[in-house]
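The values are calculated or read from the model by the stated rules, or taken from the named source; none is laboratory data. Here the structure is a predicted model, which means the values were calculated and not measured. We place every Cβ from the backbone using ideal geometry, glycine too, and count neighbours over all the protein chains shown. Accessible surface areas use protein heavy atoms only, side chains included; no ligands, DNA or RNA. Shrake-Rupley method; radii C 1.70, N 1.55, O 1.52, S 1.80 Å.
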Amino acid sequence: MNLADLNKVALAMVTPGKGVLAADESSGTIKKRFDAIKVESTEETRRDYREMLFRSQEAMSRYISGVILYDETIWQNAKDGTPLIKLIEQAGAIPGIKVDEGTQALPNCPGELVTAGLDKLAERLKKYYERGARFAKWRAVIDIGINIPSMTAISVNAHALARYAALCQAAQIVPIVEPEVLMDGDHDIDRCYDVTQRVLNKTFQELRVQRVALEGMILKPNMAISGKKCSTQASVEEVAEKTVRLLKACVPAAVPGIAFLSGGQSDQEATAHLDAMNKIGGLPWRLTFSYGRALQAAPQQAWSGKAANVGAGQQAFIHRARMNALASKGEWQPGLEQKAA
């Protein structure tokens with residue numbers, strides 16, 4: 001393992017004013033997104049859609065530091081035969097790959113999940129590295145509900161995340177470590193804070209046990225936020241203040257950067273929260289975005305599967321990427337959204 005090189009890639013992924021595009025939706029997830037815009041999900045339509053994003057030169061070269069790909073996409077070629085991974089590299093962004101194989105039920109823990117995919121990961125990472133991937137992503141899912149999460153669910157998911165991260169670094173690939181505490185429930189922000197604190201503490205304990213070099217990884221956490229069904233929704237200021245306090249309590253300063261997931265927030269909420277955190281400032285790590293839906297919902301809507309709408313889709317993508325790039329420097333303002341509209 002060459003830690004200096006891993007650290008260089010990790011720092012590039014959190015370059016000020018840039019963030020990561022999560023374009024790694026599984027076939028099931030992207031079908032749901034396409035159903036919503038009445039587009040049939042085929043290998044070709046998925047390719048065309050992602051090619052539209054990757055050819056969006058302004059967004060990709062100015063605001064996007066890296067792209068997380070799904071296994072299908074990393075092997076695909078654009079319409080003109082150029083590998084999609086090359087389009088990303090040509091724009092100056094770093095290609096990455098989602099390597100987990102989704103979740104399965106956790107034995108003896110009703111309603112809880114564990115992420116699968118460690119079995120042949122070492123061989124898969126080698127192939128992805130040869131193809132050009134320089135970072136990877138693995139997502140653990142922790143739900144909040146009555147009597148959950150259990151310590152079992154937190155432990156096994158933290159253990160798997162750390163094993164994945166160690167395997168990545170051995171393959172000279174920067175791991176994005178993503179322990180996601182879901183925002184689907186009716187819990188308030190303080191419950192989310194407490195659960196996320198337990199999850200992050202356990203995750204970093206496991207990363208140390210498995211000798212993962214913190215300088216060569218990126219953390220992709222949820223924010224401290226109210227559950228979607230909670231009757232009292234925390235303000236932007238409260239989300240920012242509590243998330244920053246939580247991260248300072250749990251995340252070692254050796255980690256180069258934190259790239260948040262949007263986790264079901266609206267486009268503008270995800271941007272406003274990131275901006276408010278960066279306005280607080282004085283942080284040991286760089287804070288940026290690794291958004292999927294919050295970067296893509298608008299371009300998907302504008303494109304709607306029609307070749308004639310590619311330009312409109314790209315404009316929508318450029319706008320969202322720019323808004324989040326500003327937020328990653330604490331320079332976003334709500335008025336900028338209205339101006340574009």
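Exactly one condition in (1) more than 20 Å from residue 134 (Cα to Cα); (2) part of a helix (DSSP H, G or I); (3) open to solvent by 40 Å² or more (accessible area, probe 1.4 Å) is not met by residue 61; state its number.
(1)
Going through segment 34-58 one residue at a time, which ones are within 22 Å of residue 322 (Cβ to Cβ), open to solvent by 20 Å² or more (accessible area, probe 1.4 Å) and either in a loop (DSSP other than H, G, I, E, B) or not polar (S, T, N, Q) (or both)?
Scanning segment 34-58 gives 51, 55, 58.
Pull up segment 148-167, narrow it to residues that are touching a helix residue (DSSP H, G or I) at 6+ places or on another chain (Cβ under 7 Å) and among the hydrophobic types (A, V, I, L, M, F, W, C), then point me to the one that is nearest to residue 209 (Cα to Cα).
162
Criterion first (open to solvent by 40 Å² or more (accessible area, probe 1.4 Å), under 19 Å from the mean Cα position of the chain (by Cα) and closer than 24 Å to residue 288 by Cα) does residue 26 satisfy it?
Against the criterion (open to solvent by 40 Å² or more (accessible area, probe 1.4 Å), under 19 Å from the mean Cα position of the chain (by Cα) and closer than 24 Å to residue 288 by Cα), residue 26 does not qualify.
Among what's in segment 1-46 and is charged (D, E, K, R) and in contact with a strand residue (DSSP E or B) (Cβ under 8 Å, 6 or more places away or on another chain), pick the residue that is nearest to residue 254 (Cα to Cα).
18
One line per residue, one yes/no per condition, for (1) charged (D, E, K, R); (2) in contact with a His (Cβ under 8 Å, 6 or more places away or on another chain):
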site: 154; (1), (2): no, no
site: 161; (1), (2): no, no
site: 169; (1), (2): no, no
site: 184; (1), (2): yes, no
site: 202; (1), (2): yes, no
site: 219; (1), (2): no, no
site: 223; (1), (2): no, yes
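Could you please find all residues in segment 216-239 being among the small types (Gly, Ala, Ser), in contact with a helix residue (DSSP H, G or I) (Cβ under 6 Å, 6 or more places away or on another chain) and either exposed (fewer than 15 other Cβ atoms within 10 Å of the Cβ) or not in a loop (DSSP other than H, G, I, E, B) (or both)?
Across segment 216-239, the qualifying residue is only 216.
Can you pull out every residue in segment 182-201 that is under 20 Å from the mean Cα position of the chain (by Cα) and under 19 Å from residue 247 (Cβ atoms)?
182, 183, 192, 193, 195, 196, 197, 199, 200, 201
From (1) touching an Asp or Glu at 6+ places or on another chain (Cβ under 6 Å); (2) modelled with pLDDT under 95, pick out the condition that doesn't hold for residue 281.
Going through (1) touching an Asp or Glu at 6+ places or on another chain (Cβ under 6 Å); (2) modelled with pLDDT under 95 one by one, residue 281 breaks only (1).
Pick out the one residue from 68, 74, 88, 94 that is among the aliphatic types (A, V, I, L, M), touching a residue at least 12 places away in the same chain (Cβ under 8 Å) and under 17 Å from residue 318 (Cα atoms).
Of the residues listed, the single one that is among the aliphatic types (A, V, I, L, M), touching a residue at least 12 places away in the same chain (Cβ under 8 Å) and under 17 Å from residue 318 (Cα atoms) is 88.
Does segment 172-182 hold any residues that are surrounded by fewer than 21 Cβ atoms within 10 Å (Cβ to Cβ) and on the phi < 0 side of the Ramachandran plot, and which are they?
Listed by number, the residues that qualify are 180, 182.
Does residue 212 fit the bill of being assigned to a loop (DSSP other than H, G, I, E, B) and modelled with pLDDT of 95 or more?
So residue 212 passes the test.
Would segment 309-327 turn up any residue that is under 23 Å from residue 32 (Cβ atoms) and either of a type in the set (D, E, K, R) or modelled with pLDDT under 95 (or both)?
Yes; the residues of segment 309-327 include at least one that is under 23 Å from residue 32 (Cβ atoms) and either of a type in the set (D, E, K, R) or modelled with pLDDT under 95 (or both).
Consider residue 262 carefully, then state whether it is of a type in the set (S, T, N, Q) and under 20 Å from the mean Cα position of the chain (by Cα).
In short, yes.
Which of the residues belonging to segment 245-260 are open to solvent by 10 Å² or more (accessible area, probe 1.4 Å) and either closer than 19 Å to residue 226 by Cβ or in contact with a Lys or Arg (Cβ under 8 Å, 6 or more places away or on another chain) (or both)?
Selection gives 245, 256.
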